[in-house]
Amino acid sequence: MQRNLVLGLTTLVSQVKETRLVPLVLDVARQVPRGTLTEVHAAWDRAEETFLARLLPRLTTTEAQALSVENRAYLNQRLLRDISEEATVAILLTLASAGESGSGAVARIHLESPSPQVREAAREYLQRGGTI
């Protein structure tokens, strides 16, 4: 049952195209069960990462600011996992637009990234959050 749920969510997330659904997908992502279904969770992680890289850059500042505290915390947490450069930049810039400053330590880690885009996004996050 858990396997089918995660696979269904993976398919659903890959089809979302509207930014107004970002908060809902983040609410769902926070609830995805973690367990021993390594292959299934790897598929979920890839679909979620692609979703974040694809839709977060399209959020308006108002939409980013409207993200719940829980969704902002989830995005900050997502920065601690192994994710693509595109997803990292998207998350950092979304949190910067939201005025988030809760994860300055995580953003400072990204200042050391080999990617110039990630370093610039981390700087923007820290500047907007007033922690640099």
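Here are the numbers for the structure shown:
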| read-out | value |
| --- | --- |
| Percent carbon-and-sulfur accessible area, segment 35-128, ignoring ligands, DNA and RNA, probe 1.4 Å | 51 percent |
| Computed E for Gln127/Asp27 - FRET, C-beta separation, R0 25 angstrom, nearest 0.05 | 0.30 |
| Gain upon complete extension [Asp82, Arg46; 0.36 nm per residue less C-alpha separation] | 11.9 nm |
| Solvent-accessible area per residue for the chain (1.4 angstrom probe, square angstrom) | 54 Å² |
| Cα long-axis angle, helix 38-55 against the chain (0 to 90 degrees, to the nearest 10) | 50 degrees |
| Cα gyration tensor shape of the chain, rounded if a/c is under 1.5, else prolate or oblate by comparing a/b with b/c | prolate |
| Computed helical MRE - 222 nm, the chain, DSSP H runs ≥ 4 contributing -39500 (n - 2.57), nearest 500 | -21000 deg cm²/dmol |
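The values are calculated or read from the model by the stated rules, or taken from the named source; none is laboratory data. As the structure is a prediction and not an experimental result, all values here were calculated from the model. Heads up, the Cβs are rebuilt from the backbone with ideal geometry, glycines too, and the neighbour counts pull from every protein chain shown. Each accessible area value is taken on the protein alone, full model and side chains, heavy atoms only, with ligands, DNA and RNA left out. Shrake-Rupley method; radii C 1.70, N 1.55, O 1.52, S 1.80 Å.
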